[in-house]
Amino acid sequence: MTPILACRTAAFVNPRQVTPKQQRGFTLLEIILVLAIIATASIMVVPNLGGFEARTFSTQVRQAQSLLNYARRTAVISGQASTVSFNVLPADEMARLDSEERYASLSNSVAQWNGAGVDLRFRDSTDREIEIQGKTEVTFYPEGGSTGGTLLFVQDDQAGVISVDPFTGSVSSGDPDRE
């Protein structure tokens with residue numbers, strides 16, 4: 001009876017025990033699956049890398065517009081003038097300034113926008129255009145008015161425009177080509 005038992009036990013070899021001769025590499029299916037995962041990941045990642053600077057610039061312009069709207073609301077609600085400061089110092093100069101210098105401004109300053117790497121021009125209500133080298137401010141008054149003007153943001157081949165009406169204080173963004 002022992003020879004028959006020996007045959008039966010040999011037929012039921014544990015499949016987890018693999019000899020070195022049987023372990024040769026990856027199957028074709030495994031290789032294709034890994035390549036498909038890599039291709040899918042690259043399709044999702046590569047297009048997002050190209051537009052990173054454009055998204056960063058448009059985010060900076062939207063942030064500037066939000067700060068202006070915030071200052072306008074603050075002036076009307078608090079009954080005191082509110083100012084937004086715009087700094088366009090290069091990144092290395094911005095890092096050198098200590099926090100007191102960076103945020104020192106009039107007591108009515110409610111927000112500060114720092115745009116390292118962005119060129120900023122300011123056009124006042126008389127259409128006089130000034131390139132901002134350091135800092136400029138836009139002030140909103142409780143009656144609804146403001147210092148007004150147009151802020152022109154430029155970075156590489158991108159441009160953005162924010163207009164502040166001097167009489168109503170309303171803030172709007174526009175097409176830089178029309179300006």
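The values are calculated or read from the model by the stated rules, or taken from the named source; none is laboratory data. Owing to the predicted nature of the structure, the values given are computational and were not obtained by experimental measurement. Quick reminder, even Gly has a Cβ in these numbers, built from the backbone with ideal geometry, and neighbours come from all protein chains shown.
Points to keep in mind about this one:
- Sole residue being surrounded by 11 or more Cβ atoms within 10 Å (Cβ to Cβ) and modelled with pLDDT of 60 or more, chosen from 104, 54, 64, 39: 64
- For region 29-36, the criterion of being assigned to a loop (DSSP other than H, G, I, E, B), modelled with pLDDT of 90 or more and not charged (D, E, K, R) is met by none of the residues.
- Among the residues making up region 143-174, those that are over 30 Å from residue 77 (Cα atoms) and part of a loop (DSSP other than H, G, I, E, B) are 156, 157.
- Number of positions in region 132-142 that are over 19 Å from residue 163 (Cβ atoms) and part of a loop (DSSP other than H, G, I, E, B): 3
- Residues of region 136-163 satisfying the condition of being closer than 14 Å to residue 121 by Cβ, touching a residue at least 24 places away in the same chain (Cβ under 8 Å) and more than 21 Å from the chain's Cα centre (by Cα): 136, 138, 149, 150
- Annotation: of all residues in region 115-140 being touching a helix residue (DSSP H, G or I) at 6+ places or on another chain (Cβ under 8 Å) and surrounded by fewer than 17 Cβ atoms within 10 Å (Cβ to Cβ), the one that is farthest from residue 79 (Cα to Cα) is 117.
Residue-by-condition table, conditions (1) closer than 16 Å to residue 112 by Cβ; (2) modelled with pLDDT of 90 or more:
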| site | (1), (2) |
| --- | --- |
| 127 | no, no |
| 130 | no, no |
| 135 | yes, no |
| 140 | yes, yes |
| 156 | no, no |
| 161 | no, yes |
| 164 | no, yes |
| 168 | no, yes |
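- Complete set of residues in region 60-92 that are assigned to a strand (DSSP E or B) and aliphatic (A, V, I, L, M): 84
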